[in-house]
Amino acid sequence: MKTEEKQFKFCTNCGVKNAKNAKFCKQCGTPFKVAQSNKTDEPRRESTNTESREEKSLSMIGSATSRLNSWTGGHGEVKISLRDFFSEVFKKHTQAEAEEIFIVGTPETTPTIEEVNAEEVHPWLFSRVFIFVLVLSGLLYMYLKLSDQPGVFISLLIFIGVAVPVSALVLFFESNVLRNISFYQVIKICLVGGALSLILTMAVIAIFGQEDTDHGISLISALTIGIREELAKVLVAAYFIYKIKPKSIFGGLLIGAAVGTGFAAFENIQYIINALSEGGGIGYAFYRTMISVSDHTEWCAISSAGIILASNGKDFELNDLFNIKFLRFFLLVVLIHMLWDWTLGPSDLIRETVGFIITWVTVLVIMHAGLREVAGMKQSSKVLKNK
């Protein structure tokens, strides 16, 4: 039987008992230090080439998270565990739990800072949305086989094309632990922001011209495309940040994800419909939606979080876009986008895999910074109440 000391740990600041794996004190928000075990006296085992490669990979990720964390104002590496992050996906959840996630963001449904959980983020509803869209696509496919109508086929392609972007948006929505932005606002930002960013992108093309990509996309062309599209999206996201004034990292992530989702969904539909003349169909629609697992939604979320970090708790100002805290994340996103589009470079599998890893490591580090920010807000609120 485990002792209480092993099952729990006590905050050194306020003395409150916390769960053993807690990252922050539930009472005052003070972060817990990770104990480092001394293994110098343990017998060393000879490592195989496979183990060496795994250790090197872990070291690279640790170094990357440490650097990214420093960009957010934190210190040290951030433990990345997709298994922990998605731990709620395979658990059973009720319809009432799903409804509670969506019923937020109003004066009556926004929790106080004391009620916010600043310890962890475990999204799960996005997976149900993804399954729902796929099931609906299956029903449309059955209807297509019965009716053989072109309109049904187009509807099927559209549902498939938006499945991943919409699911990703729900992931960012439920990850916003502050629960201070309603889904109604998010949908408006998604639709209007997506359309505005596409129009702004086309305006830039009209002014500066478009690259010849008939024989593939060169490195320079890919960089140009990345700058153009990422700048268009983040400018639109900056407008909504200015209007809504979220002032939190999670708010920046959500607003950026909404704009990026609109861009990704409209772009996917455009590419899928255009591909019909070249024989593209359901297979291409599935390809477009699956590569959306780490593209415009996540990229714009990263850039928008950079705006929040640059504004540092104050209202957004235009000069925040020239702040190094924003520029670091924006340039990182541009480089990821460049890699994604560089068809004359490495194979699609290599480029998309590397882009996926960098994108999601960055997103998870920023979410970690968001939790640290919320813990600080809780602690500040407690101090003010005690005065």
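The values are calculated or read from the model by the stated rules, or taken from the named source; none is laboratory data. This structure is a prediction, so every number in the text was calculated from the model and none was measured. Please note: Cβ atoms are built from the backbone with ideal geometry, for glycine as well, and neighbour counts cover all protein chains shown. For the accessible areas, the whole protein counts, side chains as well, though only heavy atoms, and no ligand, DNA or RNA atoms are used. Shrake-Rupley method; radii C 1.70, N 1.55, O 1.52, S 1.80 Å.
Quick notes on this structure:
- Once region 195-230 is narrowed to residues that are at pLDDT 95 or above and either among the charged types (D, E, K, R) or under 16 Å from A305 (Cβ atoms) (or both), the residue that is surrounded by the fewest Cβ atoms within 10 Å (Cβ to Cβ) is R228.
- Subset of region 110-132 that is polar (S, T, N, Q) and open to solvent by 40 Å² or more (accessible area, probe 1.4 Å) - its residue that is modelled with the highest pLDDT: T110
- Any hit, region 236-254, residues being under 20 Å from W340 (Cα atoms), of a type in the set (G, A, S) and either in contact (Cβ under 8 Å) with a residue 40 or more places away in the chain or not in a helix (DSSP H, G or I) (or both): no
- Meets criteria (among the aromatic types (F, W, Y) and closer than 20 Å to G74 by Cβ) for F322: no
- Residues that are open to solvent by less than 10 Å² (accessible area, probe 1.4 Å) and outside any helix (DSSP H, G or I), drawn from region 272-299: D295
- The one condition from (1) surrounded by fewer than 16 Cβ atoms within 10 Å (Cβ to Cβ); (2) closer than 19 Å to S303 by Cα; (3) hydrophobic (A, V, I, L, M, F, W, C) that V383 does not meet is (2).
- Single condition K188 does not satisfy, out of (1) without any contact (Cβ under 8 Å) to a residue 12 or more places away in the chain; (2) surrounded by 15 or more Cβ atoms within 10 Å (Cβ to Cβ); (3) among the charged types (D, E, K, R): (2)
- Taking the numbered list (1) open to solvent by less than 60 Å² (accessible area, probe 1.4 Å); (2) without any contact (Cβ under 8 Å) to a residue 24 or more places away in the chain; (3) in a helix (DSSP H, G or I) in turn, V135 passes all entries but (1).
- Failed item in (1) closer than 20 Å to V78 by Cβ; (2) among the small types (G, A, S); (3) part of a loop (DSSP other than H, G, I, E, B), with G313 passing the rest: (1)
- Every test in (1) over 27 Å from G251 (Cβ atoms); (2) free of Cβ contacts under 8 Å to residues at least 60 places away in the same chain; (3) aromatic (F, W, Y) is passed by F322 save one, and that test is (1).
- Only one of I269, I307, I302 that is touching a helix residue (DSSP H, G or I) at 6+ places or on another chain (Cβ under 6 Å), modelled with pLDDT of 95 or more and either open to solvent by 10 Å² or more (accessible area, probe 1.4 Å) or basic (K, R) (or both): I269
- Residue check: L371 meets all listed conditions (1) open to solvent by 20 Å² or more (accessible area, probe 1.4 Å); (2) farther than 18 Å from A64 by Cβ but one, namely (1).
- Of residues in region 80-109 being of a type in the set (S, T, N, Q) and open to solvent by less than 50 Å² (accessible area, probe 1.4 Å), the one modelled with the lowest pLDDT: S81
- One residue stands out in region 140-158 among those that are more than 34 Å from the chain's Cα centre (by Cα) and farther than 18 Å from I269 by Cβ: the one that is surrounded by the most Cβ atoms within 10 Å (Cβ to Cβ), namely Y143.
- Among the residues of region 63-79, those that are surrounded by fewer than 18 Cβ atoms within 10 Å (Cβ to Cβ), outside any loop (DSSP other than H, G, I, E, B) and either in contact (Cβ under 8 Å) with a residue 24 or more places away in the chain or in contact with an Asp or Glu (Cβ under 8 Å, 6 or more places away or on another chain) (or both) comprise S63, S66.
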